[in-house]
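Please read the structure below before turning to the comments.
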Amino acid sequence: MQPILDRLEQLCHEALRQIQNAAEPVSLEGLRVQYLGRKGKLAEFTAQMGQVPQTERPVVGEAINRVKQTVTTAFQERQAGFSARPAGKQHLA
C-alpha cells in the first residue's frame, strides 16, 4: 500500500508545482486535463483500485480523493489569478 500512497503524494507535489508555474490559461487547462481528465493521471490511480487489497482500499481511496481535491482547489485558485489579470495584455480583434 505504501508505494501507491508515495506515488500519490509525489503526483500531488508535481501537479501543484506545475500549476503554480503555468504561464497562461491555455497551459493551465492542459494541466487540468493531464491530471484530472477522464484519462488523466489521477484516473489511473482510480483504475488501479481493483488491484489494491480490499482492506486497504478505504485508505487509498481517501488519499486519491484528498489529492484530487487539493489539485482541483489549486487549479481553481490559479484560474482565478488569471481572471484577475489586467486586460491590458489582451489583443483586440
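Pick from segment 10-37 the residues that are loosely packed, with under 13 Cβ neighbours inside 10 Å and touching a residue at least 12 places away in the same chain (Cβ under 8 Å): which of them is nearest to ARG85 (Cα to Cα)? Ranking the qualifying residues of segment 10-37, first place goes to GLU24.
Being modelled with pLDDT under 95 and over 12 Å from the mean Cα position of the chain (by Cα) narrows it down to one residue among ALA63, ALA87; which is it? Among ALA63, ALA87, only ALA87 is modelled with pLDDT under 95 and over 12 Å from the mean Cα position of the chain (by Cα). Filtering segment 7-35 to residues that are at pLDDT below 95, of a type in the set (D, E, K, R) and in contact with a helix residue (DSSP H, G or I) (Cβ under 7 Å, 6 or more places away or on another chain) leaves nothing. Kindly check whether there is at least one residue in segment 49-70 that is part of a helix (DSSP H, G or I) and exposed (fewer than 10 other Cβ atoms within 10 Å of the Cβ). There is at least one residue in segment 49-70 that is part of a helix (DSSP H, G or I) and exposed (fewer than 10 other Cβ atoms within 10 Å of the Cβ). Pairs linking a residue in segment 71-84 that is surrounded by 13 or more Cβ atoms within 10 Å (Cβ to Cβ) to a residue that is of a type in the set (Lys, Arg), with Cβ atoms under 6 Å and 6 or more positions apart or on different chains, are PHE75/ARG32.
The values are calculated or read from the model by the stated rules, or taken from the named source; none is laboratory data. Please read all numbers here as calculations on a predicted model, not as lab measurements. Every residue, glycine as well, gets a Cβ built from its backbone with ideal geometry; the counts of neighbours run over all protein chains shown.
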